[in-house]
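Structure first, then comments.
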Amino acid sequence: MDLYSGYINKLIDELAGLPGIGSKSAQRLAFHLINLPEPRVRRLADALIQAKQNVRYCKECFTLTDRDICPICQNPQRDHTTIMVVENTRDLAAYEKTGKYKGVYHVLHGAISPMLGIGPHDIRLKELMERLSQNREIQEVIIATNSSLEGETTAMYISKLIKPTGIRVTRIASGVPVGGDLEYIDEVTLLRALEGRVEL
Ligand code: ZN
């Protein structure tokens, strides 16, 4: 039995397809949106479209940005000899929030997972290696992938690739809870993980 109109159902379905939104939340959000004044709804819709049309990957570190080169890569105050490798832009944001990391980043957009069929070619790993071979100034690569099985697999894989180049490879300390997404970890823990990084 169809409780709601087709339009409402469609909206609920779209919302329920978003990560972390169950069907109850989707219904709540749908009714909330329908009750908003039309200009507010239009602002939200425009924000979605504009973000989709204008956001792209930084040509250097592959984080999401609306310029060719992101503000971090462009910043001459940053230490461009140190690259921190993270799984996604949210992890980058978590480290940026600490305000203590002065190096630059490389965003992989995923992690190697044989179980899910995600291999080294499915993440931005080739781009990292190209960056390392083109920029002789890089002295250290800090691998800050998650401490999940996929994150550890990725870290081992990357370190094996980089080792022969003579560039120092380190891994953030494992104070980070296993399987924990970096973005949910508090700043103190993140800083401790960074300071306690170990040679690979
Ligand atoms: Zn960048």
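None of the figures in this text is laboratory data; all of them are computed from the coordinates on show. As the structure is a computational prediction, the values presented were derived from the model and not from experiment. Positions of Cβ are generated from backbone atoms using ideal geometry, with glycine treated the same way; all protein chains shown enter the neighbour counts.
Remark on region 110-159: ratio of C-alpha radius of gyration to 2.2 N^0.38 Å is 1.19.
Counted by neighbouring Cβ atoms within 10 Å, the residues TYR4, TYR105 run from fewest to most as TYR4, TYR105.
The order of THR81, THR154, going from fewest to most other C-beta atoms within 10 Å of their C-beta, is THR81, THR154. Simple spin-label estimate for VAL198 and ILE21 gives 4.2 nm between the two label positions (7 Å along the Cα-to-Cβ direction from each Cα). Once C-alpha pairs closer than 8 Å and six or more residues apart are averaged by separation and normalised to the residue number of region 68-199, the relative contact order reads 25 percent. Of the peptides 27-37, 87-97, the ranking by mean beta-carbon count within 10 Å, highest at the top, reads 87-97, 27-37. Looking at the chain, the pairs of alpha carbons with a distance over 29 Å make up 36% of the total.
Dividing the summed helix terms, -39500 (n - 2.57) for each DSSP H run of n ≥ 4, by the number of residues in the chain produces a 222 nm estimate of -13500 deg cm²/dmol to the nearest 500. Structure note, pairs LYS59/LYS102; LYS24/LYS102; LYS52/LYS126; LYS24/LYS52: Cα-Cα distances above 31 angstrom occur for LYS24/LYS102.
Between the amide H of ILE143 and those of VAL85, THR170, ARG171, ILE172, distances stay under 5 Å, these residues lying 5 or more places away or on another chain, with hydrogens modeled in the peptide plane.
If you stretched the chain out fully between LYS59 and ASP46, how much longer would it get, using 0.36 nm times the residue separation minus the C-alpha to C-alpha distance?
2.1 nm
With each label modelled as a point 7 angstrom along the Cα→C-beta vector, the LYS100-MET156 pair spans 2.9 nm.
Inverting the pair-averaged 1/r between distinct Cα atoms of region 6-54 gives 11.5 Å as its Kirkwood hydrodynamic radius. Restricting attention to region 1-121, close to 40% of DSSP beta bridges with both partner residues there are antiparallel.
Stretch ASP79-LEU3 to full length: gain in nm at 0.36 nm per residue minus the Cα-Cα span?
Here the segment from ASP79 to LEU3 would lengthen by 21.6 nm.
As a rough footprinting exposure proxy, the listed residues VAL198, VAL86 were ranked by other beta carbons within 10 Å of their own, and the order from fewest upward is VAL198, VAL86. Legend: calculated FRET efficiency, LEU36 to ILE69, from the Cβ-Cβ distance at R0 = 41 Å, rounded to 0.05, equals 0.65. Two tests apply to each whole DSSP H helix in the chain, Cα reach of 27 Å or more along its axis and mean Kyte-Doolittle hydropathy of at least -0.5, and none passes both. Just to be sure I follow: if Rg is taken over the C-alpha atoms of region 1-106 and Rh is the Kirkwood radius over the same atoms, what is Rg/Rh? That ratio is 1.14, to two decimals.
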